[in-house]
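K.L.:
Below you'll find the structure I mean.
The values are calculated or read from the model by the stated rules, or taken from the named source; none is laboratory data. These numbers were taken from a predicted model, which means no experiment stands behind them. Ideal geometry is used to build each Cβ from the backbone, glycine not excepted, and the neighbour counts take in all protein chains shown.
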Amino acid sequence: MPEVSTPAPPLKAVDSLVVEVITDDVSDAYVSKTLFAVSEFSNVILAGAKVISGETLLCANLGLGLRLVSEADGVRHTLMFDTGPEGTIFIRNCANLGIRMGEVECIAVSHGHWDHMAALPDAVDAIVKEGGRVTVHVNPGMFNERAVRLKGGTVVPVANVPLPVDLEKRGAHVVNRGDERLLLDDHFYLSGEIPRVTSFEKGRVDHLCRTRPDGPW
């Protein structure tokens, strides 16, 4: 007899979804590439800036951080997807976009590289400081030690990402599992760990990892 699995509950059809880019590799105050996009100048004024200046604008850096706000049947949820490489710029961009950190209910992390999750501690601190309670979704494979092999053969370690125990000490509830799941009243689907099947998914040969400090790269 084939094994019968219990079907997952359906992903809810939302009435609206707003995605805000908090940090990525590009900052384009004049929106020179897409005519349909709202300019950065307009966004910071809508967020409360009284004058356009360097201090009120956004900063670009390596990595990614998004805020997603969904609404369905009058229920609103706020999720962050990744947090970028460091806290100062991430928190600054959130402030300049008028994002209330205390409203963030959940942070989902795509993968275990520092440019996508190194700002997690600062994000959790800001949420807790504003009276929020946040759940952080990660998976065990994110916490392997990583390094880069340079052309000359030198192996250079990259910064470790924040561990679940560190996030919990700051007040986050951490879900560290590799399975798929639905989040926030089924408004969001998180795939969990994705098996590497194709040659592309095997990763770059100069990007290394190891599962223990004394193990091989």
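K.L.:
Name the residue that is modelled with the highest pLDDT, counting only residues in the stretch 6-21 that are exposed (fewer than 10 other Cβ atoms within 10 Å of the Cβ) and over 14 Å from V75 (Cα atoms).
P.N.:
Out of the qualifying residues, it is P10.
K.L.:
Yes or no: the stretch 91-113 includes at least one residue that is in contact (Cβ under 8 Å) with a residue 40 or more places away in the chain, surrounded by fewer than 20 Cβ atoms within 10 Å (Cβ to Cβ), on the phi > 0 side of the Ramachandran plot and part of a loop (DSSP other than H, G, I, E, B).
P.N.:
Yes, because at least one residue in the stretch 91-113 is in contact (Cβ under 8 Å) with a residue 40 or more places away in the chain, surrounded by fewer than 20 Cβ atoms within 10 Å (Cβ to Cβ), on the phi > 0 side of the Ramachandran plot and part of a loop (DSSP other than H, G, I, E, B).
K.L.:
So, one more: List pairs: first residue in the stretch 26-45 and surrounded by 13 or more Cβ atoms within 10 Å (Cβ to Cβ), second residue at pLDDT 80 or above and of a type in the set (D, E) anywhere in the structure, Cβ distance under 6 angstrom, at least six positions apart or on different chains.
P.N.:
Hits for this filter: A29/E40.
K.L.:
Can you tell me which residues in the stretch 80-139 are within 22 Å of L183 (Cβ to Cβ) and among the charged types (D, E, K, R)?
P.N.:
Within the stretch 80-139, D82, R100, E103, E105, D122, D125, E130, R133 meet the criteria.
K.L.:
So which of L208, L120, L150 is under 17 Å from the mean Cα position of the chain (by Cα) and not acidic (D, E)?
P.N.:
L120
K.L.:
Specify the residue that is surrounded by the most Cβ atoms within 10 Å (Cβ to Cβ); the eligible residues are those in the stretch 123-142 that are over 15 Å from the mean Cα position of the chain (by Cα) and either free of Cβ contacts under 8 Å to residues at least 24 places away in the same chain or not in a helix (DSSP H, G or I) (or both).
P.N.:
G132
K.L.:
Also: Any chance the stretch 143-159 includes a residue that's crowded, with 20+ Cβ neighbours inside 10 Å and in contact with a His (Cβ under 8 Å, 6 or more places away or on another chain)?
P.N.:
Within the stretch 143-159 (the criterion being crowded, with 20+ Cβ neighbours inside 10 Å and in contact with a His (Cβ under 8 Å, 6 or more places away or on another chain)), the answer is no, since none of the residues qualifies.
K.L.:
Here's something else I'd like to know. Yes or no: the stretch 56-66 includes at least one residue that is on the phi > 0 side of the Ramachandran plot, out of contact with any strand residue (DSSP E or B) (no Cβ under 6 Å at 6 or more places or on another chain) and not in a strand (DSSP E or B).
P.N.:
No, the stretch 56-66 has no match at all.
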